[in-house]
Amino acid sequence: MPPLVAVDWSPDGRALRILDQRHLPGAELLRDLVSLAAVIDAIRTLAVRGAPAIGVAAAIGLVVSLEQDSEGHGVRARAMLTDYANQLIASRPTAVNLAWAVRRLLSRAAVVDDDRLLTALRADAEAIRAEDVAMCDAIGRMGLHLIPDGTRLLTHCNAGALATAGSGTALAPVHLAHREGRRVHVFADETRPLRQGARLTAWELQRAGIPVTVLPDGAAASLLRTGAVDLVLVGADRITANGDVANKIGTYAVALAAREHGVPFYVAAPWSTIDPDTPTGADIEIEHRHADELGDLPAGVRVWNPAFDVTPRALVSGYLTDRGVVLPPFSGVTHG
Ligand code: MRU
């Protein structure tokens with residue numbers, strides 16, 4: 001099986017290429033996006049999703065849309081830059097990687113001349129993509145010791161190859177352990193309402209030949225109580241300075257149940273997901289999504305549909321990063 005590539009440049013370099021996750025597991029559709037509106041729509045509708053992947057998509061999307069709309073003129077591109085960047089940053093608020101990637105391009109733009117602007121932004125967007133691939137590989141290596149032969153692991157949402165430009169965060173050590181011949185069994189929470197676990201994690205792991213069992217979110221606590229899980233490993237959309245973790249809605253409940261039943265709860269993320277400028281989880285903007293996502297409801301009924309929740313630092317056994325397993329304070333984190 002060729003490796004999954006969820007987000008990349010198109011082969012001719014003129015577009016953002018994504019594997020459209022709205023259609024998985026039924027169909028593998030690649031889409032090439034150039035316009036800012038198309039990139040923003042793909043991010044908002046979760047055609048491309050997962051914190052690192054939306055950071056890479058925003059970076060490449062910013063470059064290709066500026067190149068097209070400015071017809072390659074640096075002065076025109078600079079006039080559009082701030083507006084395009086702000087629109088991208090506003091497309092999904094919770095994952096820090098998106099704003100981090102766009103602001104990295106803005107910092108570069110501030111120090112280059114107009115005639116070099118587009119070339120410099122393209123080089124930086126490619127660096128963000130390539131660094132993401134390398135960070136996934138590093139997370140895989142750094143997390144391998146958490147997954148000895150025979151490990152039974154519970155995960156929530158999809159923090160795999162589909163959520164990054166590379167092999168994933170929480171699933172990177174799982175993929176690596178499997179490639180090294182270790183037996184590993186993954187329990188994948190369904191992850192309501194958009195079913196990233198059932199549709200995406202199950203598909204990604206099955207494709208790689210890794211045994212996976214899907215369970216409804218409401219069954220996770222009961223599964224943990226049976227002793228069938230050695231380790232919980234999830235991704236993160238933002239890790240605050242004190243170690244609180246925003247991740248897909250339902251993660252907090254899993255962390256509480258893991259603590260109750262003595263199962264280690266680890267969070268995997270690249271260093272770029274640590275946000276030193278957000279002190280605690282209470283300071284994170286949580287995205288709320290449309291009522292339609294909950295399916296058929298009585299007309300006019302009220303809905304509360306947060307896309308993410310915050311797991312307090314006290315419930316986290318360790319943070320698996322590309323620099324190893326760490327605990328707060330996360331020294332040396334500086335995101336301009
Ligand atoms: O709404 P989504 O599907 O983008 O949410 C994704 C998650 O919550 C992931 O766990 C997180 O982004 C980490 S992905 C490596």
The stretch 132-173: C-alpha gyration tensor shape, a/c 1.5 cut-off, then a/b vs b/c:
oblate
Along the charge dipole of the stretch 7-137, pointing to its positive end and built from +1/-1 on Cβ of Lys, Arg, Asp and Glu, which listed residue (48, 89, 109) has its Cα farthest out?
89
Relative to the Cα centre, what is the charge dipole magnitude of the stretch 145-326, using +1 at the beta carbon of each Lys and Arg, -1 at the beta carbon of each Asp and Glu, and rounding to the nearest 20 debye?
540
For the chain the mean separation of alpha carbon contacts under 8 Å (6+ apart) over residue count, i.e. relative contact order in percent, is 16
Using a Gaussian network model on the chain with a 10 Å cutoff between Cα atoms, which of 298, 148, 216 fluctuates the most?
298
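So if I place +1 on the C-beta of Lys and Arg and -1 on the C-beta of Asp and Glu, and nothing else carries charge, what would the dipole magnitude of the chain be about its Cα centre? I want it in debye, nearest 20. Walk me through the numbers on the way to the answer.
On the way: 32 positive and 38 negative charges, 125 e Å.
The dipole of the chain has a size of about 600 debye.
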Sequence ranges 181-191, 279-289, ranked by mean other-Cβ count within 10 angstrom, highest first
181-191, 279-289
Positive-pole candidate from 307, 331, 282, dipole of the stretch 282-335, charges at beta carbon:
331
Rg(Cα) / (2.2 N^0.38 Å) computed for the stretch 204-244, rounded to two decimals
1.54
Taking protein heavy atoms only, a 1.4 Å probe, and rounding to whole percent, the accessible area of the stretch 7-137 owed to carbon and sulfur comes out at 51
Per residue accessible area in Å² of the chain, where ligands, DNA and RNA are left out and the probe is 1.4 Å:
41
Calculate the length of the line joining the C-alpha centroid of the stretch 45-90 to that of the stretch 118-180, in whole Å.
24
Positive-end residue of 294, 251, 153, charge dipole of the stretch 145-326 with Cβ unit charges
153
With a 1.4 Å probe and all protein chains kept in place, how do 290, 73, 156, 261 rank by accessible area, largest first?
290, 73, 261, 156
Roughly how many whole Å is it from the C-alpha centroid of the stretch 256-303 to that of the stretch 232-253?
7
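Please state the charge dipole magnitude for the stretch 7-137, taken about the Cα centre, from unit charges on C-beta atoms (+1 on K and R, -1 on D and E), reported in debye and rounded to the nearest 20.
In total the dipole reaches around 380 debye.
The values are calculated or read from the model by the stated rules, or taken from the named source; none is laboratory data. Please read these numbers as outputs of a predicted model, since none were measured by experiment. Here the Cβ is made from the backbone with ideal geometry for all residues, glycine too, and neighbour counts use every protein chain on show. Accessible surface areas use protein heavy atoms only, side chains included; no ligands, DNA or RNA. Shrake-Rupley method; radii C 1.70, N 1.55, O 1.52, S 1.80 Å.
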